[in-house]
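S.K.: Here it is, the structure in full.
The values are calculated or read from the model by the stated rules, or taken from the named source; none is laboratory data. Given the structure is predicted, the values throughout are model-derived calculations rather than measurements. Cβ placement follows ideal geometry from the backbone for every residue including glycine, while neighbour counts extend to all protein chains displayed. Accessible surface areas use protein heavy atoms only, side chains included; no ligands, DNA or RNA. Shrake-Rupley method; radii C 1.70, N 1.55, O 1.52, S 1.80 Å.
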Amino acid sequence: MKLLSFAHKNEASSFLEAFNYTPLAELKGLFKSHDHFLLITGEGQIPALGQINKALSLLIYKYQIQLTEHINMGICGGLRESIELGKIYRVRSLYAEKSFNHMQFQSYHTNQGDVDLVSSYERVKSDKHKDMLSAFAHLVDREAWSLARASQEFKIDFNCYKMVSDFAGNDTNCFNIQEQAHKFSDKLYDFYKQLEDQNISADTIVKSTESALDFSNFHITASQKNKLDKLLQSACIAFSKTPEWVLAQLPMNEIENLKPAKKRTSALLFELECLLNPVKKNIVQSMNEVIKNTPKNFHVNYDPEFENTEINIKLSLHSEKQKQELANYLKDFPLNKLQSIINGDENAI
Amino acid sequence: MLFSSVLVEKNIADEKLVKDILSRLPDSTEKIEIESFEKVFGAVKKPYLQKRENLNLILAHKKGKLVKQAPDAYGLEGSPHYYFVHAYNCIYECEYCYLQGYFNSPDIVIFTNRDEIQNQIIETYNNHKNENEIWFHAGEFSDSLALSHITQECEFYWQVFSKLPKAKLELRTKSANIKALKKLKPQSNVIVSYSLSPEFQLKSYDRKTATYKQRIKCIKELSDLGHPVGLHLDPIIYTPDFKQHYEQLFEDLKVNINLQKLCYISLGVVRFSKDVYAQLEKNYPTSNLHQQNFTTGFDQKKRYSRPLRLWMLNQVKNICLSYDIDPQKVYLCMEE
């Protein structure tokens, strides 16, 4: 289901006439038709933010509605000379003014659009104010940024279409649409019908790698899950294949037989990394080959990311014999060889 | 149209240089006056990829330090290195570019207070009187040549460095915009340095820049005219056959220029700061750069693991040396 929003009822008048809306008792200004909702947000960043948050909470949490898109429509003021009066623009980026000469850093973006819009903190009635805002955007309204912000928080695609009713500045008529309200609303309605006909919808950008893969046999922490997703996504891009194909290239039987479950996760991540970068596997194998004769109670450790050339040897001494063993081991310890691998030794890569 | 609008600081609107730059833009470019660029540039978060549709050009004065010390391993060893800030941002779009995570806006800023930049260059030069040479790099935050037809900066800095014999000026570029340079008399202390990668890599990751063939053609033309030329083989990106590609690159260069005449070759592997990598993921979610197995280094940068990157750098360095390039002229960029 879609949600349409307008700042003023007048802007929505043609919609209210054309569709058979039922008002929702829980929130004044929220209407339901057979295939979408319509919200009157009120003018200004803060009233609109309050109204949209209430509407989205109600629809999503109480009525369990799956909102697919939020379309904000309405009229706006032009800030730049290149803007045509009466034309409906698709808005690309939405900015907001906090107070005069101070902007909100955060901006929001639609999936399509040609021009940028700034939501001002008050009506723009002077050229000085208009000039300041024109450095950021082509159009000015009072609410769209708040609506985009709420939509992002509720993870709903947001699009915005604005008709230019006037130029902001000294000569503005304060966007007073009373006289021409029906004309503007008719144009917006016709535009909306065209949109419907063209079936313009937001592109799906993110293709999740989380398909039907089952990792219930693994103990995966949040950071490991993050890493796993990234590695799988990288592998899918690298080989132009599905996550299922990627996993089929790994020794999954061997990995799944490892115990405990934590070990399985480490092995899975390691094998995925090696699939993407066979060089890493060669380096680990070369390092392990060099230290393979290390006595059992000695533990030789190196930086798993190979950034640090330091090698750590850990052991507990229990006897003079072990002390002698350590001395012998250290005498021939292949430090140079290990460090040479870490420094890019040709034979190890 | 390259720029949809040009934003000019009010108090510099009457400057000759500003008027000259404006006169070189198409009439259709919308002109907007602003109080100061700091209040606009970076005041809001603008998506990096908006540069594909349209860009604003901002003409402004930059206050404060205009000449800054370069980080370690920025250029040839043994001399002090500085870069000067003459512009922000680039008209090109390279997937690995660090600018995508550096500024909060892709808009181009050109600083027109060149006399102040010149003064600070001279001051820095005078502070290093005892050095044999001192380097100044242009292009840390923008391509040195891409907009030179609009800014006419080459002519200006040519004249500045003609009076500073111990100073070297490096103009870093990926541009084929060498018309201005071709008209200027070569100066031994002004080096044009081209970033170059194997052709397939350049096609994959560098957008709107001069192509591989165009860059080699420019290197040849400048070299033939007697201009000193340097090379940045950066970023080197791993593929199983990357060595063959770099051998091919040197073959292509060899048939066009005398490789021994190159002033230097810097080598660097692809690397990202945390912020830039986040932007890469956002801007290019299907980039082949994601298949590269990076690690997070001591400096929080994403790059290849130490063995792999040192091995890669050595491989390319060995290719350089196999073409009889003086080892002193080959240096590793941003490596210990």
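S.K.: So how much accessible area does residue A:299 have, in Å² to the nearest 10, using a 1.4 Å probe?
M.R.: 100
S.K.: Region A:316-349: which residues show an accessible-area loss of 10 Å² or more, assembly versus chain alone, 1.4 Å probe?
M.R.: Correct list: A:342, A:343, A:344, A:346, A:349.
S.K.: Suppose we keep just the alpha-carbon trace of region A:243-282; what are its Rg and Dmax in angstrom?
M.R.: Spelled out, the Cα radius of gyration and Dmax of region A:243-282 are 10.1, 27 Å.
S.K.: Applying a 10 Å radius around every beta-carbon, put B:117-125, B:171-179 in order of their mean neighbour count, most first.
M.R.: Working: B:117-125: 18.1, B:171-179: 21.7.
Packing order, densest peptide first, comes out as B:171-179, B:117-125.
S.K.: Run the accessible area of the protein assembly as shown with a 1.4 Å probe and give the carbon-and-sulfur part as a rounded percent.
M.R.: Values: 15260 of 31670 Å².
After summing per-atom areas, the C and S share lands at 48 percent.
S.K.: In Å and whole numbers, how far do the C-alpha atoms of the protein assembly as shown stretch along each principal axis, longest first?
M.R.: 95, 72, 44
S.K.: Compute the distance from the alpha-carbon center of region B:9-64 to that of region B:230-297, in whole Å.
M.R.: A separation of 32 Å, based on Cα centres.
S.K.: OK, next. Roughly how tilted is helix A:45-57, in degrees to the nearest 10 and between 0 and 90, from the longest Cα axis of chain A?
M.R.: With both axes taken from Cα atoms, the answer is about 70 degrees.
S.K.: While we're on this one: Could you tell me what % of all Cα pairs in region B:12-93 have separations over 20 Å?
M.R.: On the way: 1728 of 3321 pairs.
Considering region B:12-93, 52 percent of its Cα-Cα pairs are separated by more than 20 Å.
S.K.: I would also like to ask the following. Just the number: Rg to Rh for region A:222-348, Cα atoms, Kirkwood Rh, two decimals.
M.R.: 1.06
S.K.: A further question follows. Output the lone cysteines of chain B: those with no second cysteine's C-beta under 4.7 Å from their C-beta.
M.R.: Isolated Cys, chain B: B:90, B:154, B:218, B:263, B:320, B:333.
S.K.: Taking the square root of 5 times each eigenvalue of the Cα gyration tensor, what semi-axes in Å does the equivalent ellipsoid of chain A have, largest first? Don't skip to the answer; put the middle values down first.
M.R.: Details: eigenvalues 790, 116, 63 Å².
Ellipsoid half-lengths, sorted descending, are 63, 24, 18 Å.
S.K.: Ok, one more. Please compute the per residue accessible area over region A:1-88 with all protein chains in place, 1.4 Å probe, rounded to a whole number of Å².
M.R.: Working: 3940 Å² over 88 residues.
Normalised by residue count, the accessible surface of region A:1-88 is 45 Å².
S.K.: Given H placed on each backbone N at 1.01 Å, which residues far from residue B:269 in sequence or on other chains put an amide H within less than 5 Å of it?
M.R.: Answer set, sorted by chain and number: B:236.
S.K.: Report relative contact order for chain B in percent, whole number only (criteria: Cα-Cα under 8 Å, sequence separation at least 6).
M.R.: Numbers: 589 pairs, mean separation 51.0, N = 336.
Over chain B, the number comes to 15 percent.
S.K.: For helix A:222-239, what angle does its Cα long axis make with the longest principal axis of chain A, in degrees from 0 to 90 and rounded to 10?
M.R.: Helix A:222-239 sits roughly 90 degrees off the main axis of chain A.
S.K.: Kirkwood hydrodynamic radius of chain B from all distinct Cα pairs, in Å? If you can, show how the numbers build up before the last one.
M.R.: Numbers: mean 1/r = 0.0481 Å⁻¹.
Value: 20.8 Å, from the Cα pair sum.
S.K.: Distance check, please: which entries in B:19/B:329; A:130/B:203; A:32/A:98; B:39/B:208; B:63/B:203; A:54/A:230 exceed 31 angstrom between their Cα atoms?
M.R.: Working: B:19/B:329 42 Å; A:130/B:203 43 Å; A:32/A:98 33 Å; B:39/B:208 29 Å; B:63/B:203 38 Å; A:54/A:230 36 Å.
Pairs exceeding 31 Å: B:19/B:329; A:130/B:203; A:32/A:98; B:63/B:203; A:54/A:230.
S.K.: Turning to a different aspect of this structure: Quote the charge dipole size of region B:146-239 about the Cα centre in Debye, to the nearest 20; the model charges only the Cβ of Lys and Arg (+1) and of Asp and Glu (-1). Write out the running numbers ahead of the final one.
M.R.: Values: 16 positive and 8 negative charges, 34 e Å.
Roughly 160 debye, rounded to the nearest 20.
S.K.: Further question on the same structure: Using only atoms on other chains, find how many Cβ atoms lie within 10 Å of each Cβ of peptide B:40-50 and report the average. Walk me through the intermediate numbers first.
M.R.: On the way: counts 4, 1, 1, 8, 15, 9, 6, 5, 0, 1, 4.
Average neighbour count from other chains, rounded to a whole number: 5.
S.K.: Nearest 500 deg cm²/dmol is fine: what mean residue ellipticity at 222 nm does the protein assembly as shown get from its DSSP H runs of n ≥ 4 alone, each adding -39,500 (n - 2.57), divided by its residue count?
M.R.: Helix-only estimate at 222 nm: -10500 deg cm²/dmol.
S.K.: Over region A:2-198, what per residue volume does the convex hull of the Cα atoms give, in whole Å³?
M.R.: Cα-based convex hull of region A:2-198, divided per residue, equals 107 Å³.
S.K.: Right, next: What number in nm² do you get for region B:97-181 if you take the convex hull of its Cα atoms and divide its surface by four?
M.R.: Values: hull surface 25.6 nm².
The orientation-averaged projected area of the Cα hull of region B:97-181 comes to 6.4 nm².
S.K.: Here's another thing I want to ask about it. In square nanometres and to one decimal, what's the mean projected area of the convex hull around the Cα atoms of region B:228-336? Provide the component values of the computation, followed by the final result.
M.R.: Details: hull surface 30.5 nm².
The number I arrive at for region B:228-336 is 7.6 nm².
S.K.: Sticking with this one: Report the accessible surface area buried between chains B and A, summing both sides, using a 1.4 Å probe on protein heavy atoms only, in Å² rounded to the nearest 100.
M.R.: 3300
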